[in-house]
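The block underneath contains the structure these notes are about, expressed in structure tokens.
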Amino acid sequence: MADNNHSHFQHLYFVLTGIPGLELEYYWMAFPLGAIYVIALFGNGVIISTIKSELSLHIPMYYFLCMLALADTGLVLCTMPSMLGIFWFNYKSITFDACLVQMYFIHTFSAIESGVLVAMAFDRVVAIWKPLRYGTILTTGVVCRTGAVILTRAVCVVFPVPFLIKRLPFYRSNILSHSFCLHQDVMSLACASTRVNSLYGLIAVIFTKGSDSLSILFSYAFILRTVMAIASGEGRLKALNTCVSHICAVLIFYVPLIGVSVIHRFGKHLSPLTHALMANAYLLIPPVLNPIVYTMKTKEIRRKLIRIFVPAKVTAEGQGLTF
């Protein structure tokens, strides 16, 4: 009878879950969590403003880095309201429609970040394979069109997901496993067949992150082949050194992503705490660590940070030292 009248019991909201087993520590955990969000927003903001203001960084490599920072900022802003609401105010409810909106933007920005990492890999291929033609191959127009394709692909691929969820009935459990809405998590609460959702989700993942990861692997196989053809060992090390930051960004993004995917598929026996920590790591680690990695490798960004945190004039033993 309930199945025939599920529309009368359709949930108007979902209940988000923080970190199971640590509910009594939420208030104190909110401070390091807030610090993480501040670091992520500040770090990516510094990258964006530095690339915008420094003419020496107006090259394709840093344009793509700016896109990566924008995607990371989007991910942070998507998850921050619900997570801080849980840990600071113990507010766990999210309306059905708000959950769908959050889900859409989380998956869209994640797909954008994956696409940008592919573009950055192609940038490294051109820089190492055809260094003398780098500026003529990767023109500003090519970079803009690449960014438009990445954005369009992400928006279009993720667009059907909320509508596929919207058609499903939810009238039993409304308790989600995470502090934010993810497609797999919401789908698991549906009271009807989710075969279409699962199939489309698999196609979307293969079309975005699956194809992107293969593209990055092929790019680095070509890079290694090109580098090995360089005669001098110093030249090979110099060429590979230009890829270190990008390799770190790829690992920072894909390792947590693979971990979350494996746990969702094969980790049903694991504790809810493990699921929650892996999901949080998947969305919080890249926005926090990417600015740190690129700050260490980019002197212009380091100078920007010095200008922010160190006074323009420092007095030492009565003498002014100007930086």
Checklist entry - Name the residues in region 11-40 that are more than 22 Å from residue 102 (Cβ to Cβ), touching a residue at least 60 places away in the same chain (Cβ under 8 Å) and either open to solvent by 90 Å² or more (accessible area, probe 1.4 Å) or aromatic (Phe, Trp, Tyr) (or both), would you? => result 27
Checklist entry - What tally of residues in region 109-168 results from selecting those that are closer than 23 Å to residue 197 by Cα, surrounded by fewer than 17 Cβ atoms within 10 Å (Cβ to Cβ) and in contact (Cβ under 8 Å) with a residue 60 or more places away in the chain? => result 1
Checklist entry - Given the structure, is residue 87 in a helix (DSSP H, G or I), over 20 Å from the mean Cα position of the chain (by Cα) and crowded, with 17+ Cβ neighbours inside 10 Å? => result yes
Checklist entry - Do you know which residues across region 131-173 are under 25 Å from the mean Cα position of the chain (by Cα), assigned to a helix (DSSP H, G or I) and of a type in the set (Phe, Trp, Tyr)? => result 163
Checklist entry - Restricting region 263-287 to residues that are buried (at least 19 other Cβ atoms within 10 Å of the Cβ) and not aliphatic (A, V, I, L, M), which is farthest from the chain's Cα centre (by Cα)? => result 275
Next on the checklist: Return the residues of region 175-187 that are farther than 21 Å from residue 21 by Cβ and not β-branched (Val, Ile, Thr); say none if nothing qualifies.
Outcome noted: 181, 183, 184, 187
Next on the checklist: Take the conditions open to solvent by less than 10 Å² (accessible area, probe 1.4 Å) and either polar (S, T, N, Q) or not in a helix (DSSP H, G or I) (or both) and apply them to residue 179. Does it pass?
Outcome noted: yes
Next on the checklist: Here is a check on your reading of the model: is residue 114 out of contact with any Pro (no Cβ under 9 Å at 6 or more places or on another chain), closer than 26 Å to residue 209 by Cα and modelled with pLDDT of 95 or more?
Outcome noted: yes
Item to check | Which numbered condition residue 222 misses (of (1) touching a residue at least 60 places away in the same chain (Cβ under 8 Å); (2) open to solvent by less than 60 Å² (accessible area, probe 1.4 Å)) | outcome: (2)
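Would you list the helices (runs of 4 or more DSSP H) that sit entirely within region 183-280 and hold 3 or more residues that are at negative phi, modelled with pLDDT of 90 or more and small (Gly, Ala, Ser)?
Qualifying helices (runs of 4 or more DSSP H): 195-205, 211-228.
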Checklist entry - Which numbered condition trips up residue 254, out of (1) within 17 Å of the chain's Cα centre (by Cα); (2) under 27 Å from residue 170 (Cβ atoms)? => result (2)
Item to check | residue 105 hydrophobic (A, V, I, L, M, F, W, C), part of a helix (DSSP H, G or I) and open to solvent by 10 Å² or more (accessible area, probe 1.4 Å) | outcome: yes
Next on the checklist: What are the pairs with Cβ atoms under 6 angstrom where one residue, in region 297-316, is open to solvent by less than 40 Å² (accessible area, probe 1.4 Å) and the other, located anywhere, is modelled with pLDDT of 80 or more? Sequence gap at least six, or different chains.
Outcome noted: 300/50; 300/54; 300/57; 301/50; 301/295
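The values are calculated or read from the model by the stated rules, or taken from the named source; none is laboratory data. These numbers were taken from a predicted model, which means no experiment stands behind them. Every residue, glycine as well, gets a Cβ built from its backbone with ideal geometry; the counts of neighbours run over all protein chains shown. Side chains are part of the model used for accessible areas, which takes the heavy atoms of the whole protein and leaves out ligands, DNA and RNA. Shrake-Rupley method; radii C 1.70, N 1.55, O 1.52, S 1.80 Å.
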